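Worksheet: the structure to be examined is printed underneath.
Every number in this text was worked out from the coordinates using simple rules, so none of it is lab data. Note that the structure is predicted; figures quoted are calculated from it, not measured. Here the Cβ positions follow ideal geometry from the backbone for every residue, glycine too, while neighbour counts run over all protein chains shown.
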Amino acid sequence: MIISIFGAGRSSFYAIDYLVKLSTKESWTLNVYDRTPKEVPNSILSISEVNKMDLTDAKTATIVANSDIVVSLLPAQLHIVLARLCLKGDTHLATASFISEEIQALHKEASSKGLIFLNECGLDPGIDHMSTCQVIDKLQESGATILGIESYCGGLIAEENCQTNPWKYKFAWSPKNVVLAGQGAPSILIRKGKARLVQWHQLFKTVNNLDLGELGKFDAYPNRNSVIYRELYHVPHVQTLIRGTLRRNGYCEAWQQLIEWGFTDNSTTLTSIQSIAQFTRMMSGFDFSLNNWKKNLSKACIEKLEFLAFDRQEPFTINQGTPADFLLEILMSKWAMEDEDKDEVLLYHGISYEINSEIHKKISTLQVYGKNKFDTSMAKLVGLPLAMGVELIAKNKIERKGVQIPNSKEWYVPILANLQSQGVEIVHSDDQ
């Protein structure tokens, strides 16, 4: 068995560590490749050799063809390159990312070749699918009718580590993706039998206030296309289905203001930007050293925006880019994690159902903290499920072939049990 991992960034530690130990135990060969091995963190270099490899290299196709399974820890837009090489090389593929239309189009050919192209096997998407399907399957087997599903996940920072930050947020994972959140295809949800399409610039206005008691109060906004999961979760007639993202209470109101000022635009190129004050004045029309920009904004929103200090005369390290690029640089200085900061992952499902003419709700939560800036819960909860999925493929435990997500018992039963053995336990309760 030869497993090849492409991508060895800081967030890949848990996936690589799990597969290194598994390969040693099973006498498999594990190869790790990265475009810039010299930049790979020492934590990864201490457990595995990392080989230099760029997807544009001609020998990539040979490496893929000589592998039994390819694991892509590369940026999502690069998965399709490896997927096409896997088809040619008769090689299985595993990623933690959402299935793209390009990869979905490979289903028939992959299936005909007996290949598994596993996607959405990380945290969100991933653990959320497995936990939701586990609850749904058990309820349906008991005779229940599923009425509604709300599933939210947030990559946050432990509150103790963001007391001086009114946003209660720092970058623990892919900062650029945070700035561009929701941009692209509109989000689609179903509420009380009616589908709703939400364009990205309205996304942070479409907020569900979620009070989770001791876990805290949160803003929950919709994420991507929830409708497709009616079929994938085997609930074609469900009346409410919303998948979304969590931020601490009040975040969305302030972020929406940044959107309305145009700060998150990623389509327009600005040049000759000299300072933060110049950029923010150009985009919003306000001089932030004055108070006129505060009109009609709530006190909590003003506090968050003041924290970003838009009136600074500090120069950027870049003088050309999109508004989103400049906003990202402002946020990087304000939302940066300190070395000892702990990130927090919070996952919530609320599944309402009817049984014996009575309506009930099953609540499921997962709360996990990282150890520090370098050892994060996000990396753990994305990497471990993916590595465990690879293990199932390698041991021929999966009968279904083609492009798929871990939404069936053959995936979720062993992976959720394995995660629990690693201290990742989802708590289920009934809310009457």
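Data overview
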{"read-out": "Of Gly250, Ala309, Gly216, farthest towards positive along the dipole that unit charges on Lys, Arg, Asp, Glu beta carbons give region 127-369", "value": "Gly250"}
{"read-out": "Sites Ser289 and Ser174, calculated FRET efficiency, Cβ-Cβ separation with R0 30 Å, nearest 0.05", "value": "0.40"}
{"read-out": "Gaussian network model of the chain, springs between alpha carbon atoms under 10 Å - residue of Gln77, Gln404, Gln367 with greatest fluctuation", "value": "Gln77"}
{"read-out": "Exceeding the 27 Å Cα-Cα cut-off - candidates Lys176/Lys304; Lys299/Lys361; Lys334/Lys373", "value": "Lys299/Lys361"}
{"read-out": "Rg/Rh (Cα only; Kirkwood hydrodynamic radius) as it applies to region 127-369", "value": "1.03"}
{"read-out": "Separation of alpha-carbon centers, region 353-426 and region 27-49, rounded to whole Å", "value": "25"}
{"read-out": "Cα centre as origin, Lys/Arg/Asp/Glu Cβ charges: region 287-414 dipole, Debye", "value": "580"}
{"read-out": "Residue order, fewest to most beta carbons within 10 Å, for Val81, Val179", "value": "Val81, Val179"}
{"read-out": "Shape call, region 373-432: gyration tensor on alpha carbons, a/c limit 1.5", "value": "oblate"}
{"read-out": "At 0.890 mPa s and 25 °C, Stokes diffusion of region 152-272 via Kirkwood alpha-carbon radius, µm² per second", "value": "156"}
{"read-out": "Centroid-to-centroid separation of region 316-339 and region 140-179 [C-alpha atoms, Å]", "value": "23"}
{"read-out": "Cα Rg, Dmax (largest Cα-Cα span) when computed across region 89-227, Å", "value": "18.1, 56"}
{"read-out": "Whichever aspartates and glutamates have a C-alpha closer than 17 Å to that of Lys395, once near sequence neighbours (fewer than 8 apart) are set aside", "value": "Glu26, Asp68, Asp90, Glu410"}
{"read-out": "Total charge dipole magnitude, the chain, about the Cα centre, Cβ charges on Lys, Arg, Asp, Glu only, Debye to nearest 20", "value": "680"}
{"read-out": "Most fluctuating residue given options Asn31, Asn177, Asn225, as computed from a GNM of the chain linking Cα atoms under 10 Å", "value": "Asn177"}
{"read-out": "Residue among Glu214, Glu354, Glu410 with the largest mean-square fluctuation in a Gaussian network model of the chain, springs linking Cα atoms under 10 Å", "value": "Glu214"}
{"read-out": "Cross-link reach list, lysines versus Lys194, counting only Cα pairs under 19 Å and skipping chain neighbours closer than eight places", "value": "Lys205"}
{"read-out": "Burial order of peptide ranges 196-202, 396-402, 64-70 (average beta-carbon count within 10 Å, highest first)", "value": "64-70, 196-202, 396-402"}
{"read-out": "Region 157-247, relative contact order [Cα under 8 Å, separation at least 6], %", "value": "26"}
{"read-out": "Scattering profile of region 1-116 at q = 0.14, 0.16 Å⁻¹ [log10 I(q)/I(0), Debye over alpha-carbon scatterers]", "value": "-0.55, -0.72"}
{"read-out": "Mean residue ellipticity (222 nm) of the chain, computed from DSSP H runs ≥ 4 via -39,500 (n - 2.57), nearest 500", "value": "-9500 deg cm²/dmol"}
{"read-out": "Cα-only radius of gyration and Dmax that characterise region 160-214, units Å", "value": "14.8, 42"}
